[in-house]
1. With +1 on each Lys and Arg Cβ and -1 on each Asp and Glu Cβ, how big is the dipole of the chain about its Cα centre, in debye rounded to the nearest 20?
2. Could you tell me the relative contact order of segment 108-259? Use alpha-carbon pairs under 8 Å, at least six residues apart, and round to a whole percent.
3. Modelled label-to-label distance, residue 186 and residue 330, 7 Å Cα→beta-carbon offset: nm?
4. Any idea which of 207, 180, 59 is furthest toward the positive side of the dipole for the chain, if Lys and Arg beta-carbons carry +1 and Asp and Glu beta-carbons -1?
5. Nearest 10 degrees, 0 to 90: what angle lies between the long axis of helix 55-68 and the longest principal axis of the chain (Cα atoms)?
6. Using the Kirkwood radius over C-alpha pairs as Rh, can you work out the diffusion coefficient of segment 157-313 via Stokes-Einstein at 20 °C, viscosity 1.002 mPa s, in µm² per second?
7. Using only helices, what value at 222 nm comes out for the chain when you add -39,500 (n - 2.57) per DSSP H run of length 4 or more and divide by the total residues, to the nearest 500 deg cm²/dmol?
8. Apply 1/(1 + (r/R0)^6) to the Cβ-Cβ distance of residue 301 and residue 143, taking R0 = 22 Å, and write down the FRET efficiency to the nearest 0.05.
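Throughout, read-outs are computed from the coordinates displayed, never taken from laboratory work. Remember, predicted model here, so these are calculated numbers, not experimental data. Counting neighbours? That spans all protein chains shown, and the Cβs are built from the backbone with ideal geometry, glycine included.
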Amino acid sequence: MRAQAHIVSGLAECLDPDRFEIAALFLEGPGPLVGELEARCVDTRPLAFRGGHDARGALRYVQELRARRPAIVHFHVGGRSRVWLARASSAKRIGHVHGYADDGSEPSGEELVRGVDAVVATSRAAAAGLGVPATVVYPGVRLPTLGGRSHAARSPTVGTVARLESVKGVELLLEAAARLRGEHPDLRVDVAGTGSAAGALQARQRALGLERTVRFLGWSDDPSSLYDGWDAFVVPSRREGFGFAALEAMASGLPVVASRTGGLPELVVDGKTGYLVAPGDVGALAQRIAELLQSPERRAAMGAAGRNRAADHFSLERMADAMEGVYESVGARPAGR
């Protein structure tokens, strides 16, 4: 969900305020992303609408739509609100497909594109197989100011930021760490995130004897604050619609080792900004991590190339310009038109 919140806040920052006014409606109750968007001055409203049988939640949703009278409703998640939207508003509808997850934690592409006026996908991979035309709009990122990435007096460290679910393949990173420990006994692996697989991953950590190697950091509101202490970023996903965390890492100057799946090959340039490996190939994952740990020069060159790629191809401004084109295409008239 961090990517969705970042997209909304980026649009609020970059779209012309004389033409577009953005509000974020959360069907669920308040959560960390609500506060994140409010901190970025996005008009935010949690609705506590829990499903088709929640009459009070539906009423809150309908009242909100009728009060705001939006020209466009831009869906990132959820399908239960569609029937109520049709009753309460004549707004144009845009379905935004972020990817796919086998664990049910994200809506299916079919759910998000049903009954909409336009479809947006975060990557060509996410757009493939939808059965309807989709406009690819890559998420954008603002380049952070780089801190001093000191390598003196600390252990070599790689990290990942992910939902702790099977589809993210974090256990593959643990297996790779076990293989690397012999050659790099002081290796550290940081895992930032939460999810239903946390207990199983911690059990696997203990089974592999990695208690002193792997740290589970939990949820981080600002994972970019971790990057100055990392030498490489690892995305061992089995499936990935785009890979927003990898983009953040690239923008922070980290080389990325990622699975060759979904939208990740559209983001990571193999051999230039990092490495791509076959999904599930623990040996290749460990080998590529080792190559980066052994060569500070290669890490620096790939990190710089990744940061340049993020700036040139994945800026917030490019994302906002592309989304403005989608909004125009559905024929809605923003404020001031």
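1. Dipole of the chain, to the nearest 20 debye: 520 debye.
2. 27 percent
3. So the two model labels end up 5.4 nm from each other.
4. Positive-end residue among those listed: 59.
5. That helix lies at roughly 80 degrees to the long axis.
6. Diffusion coefficient, whole number: 142 µm²/s.
7. Value at 222 nm, helices only: -11000 deg cm²/dmol.
8. 0.80
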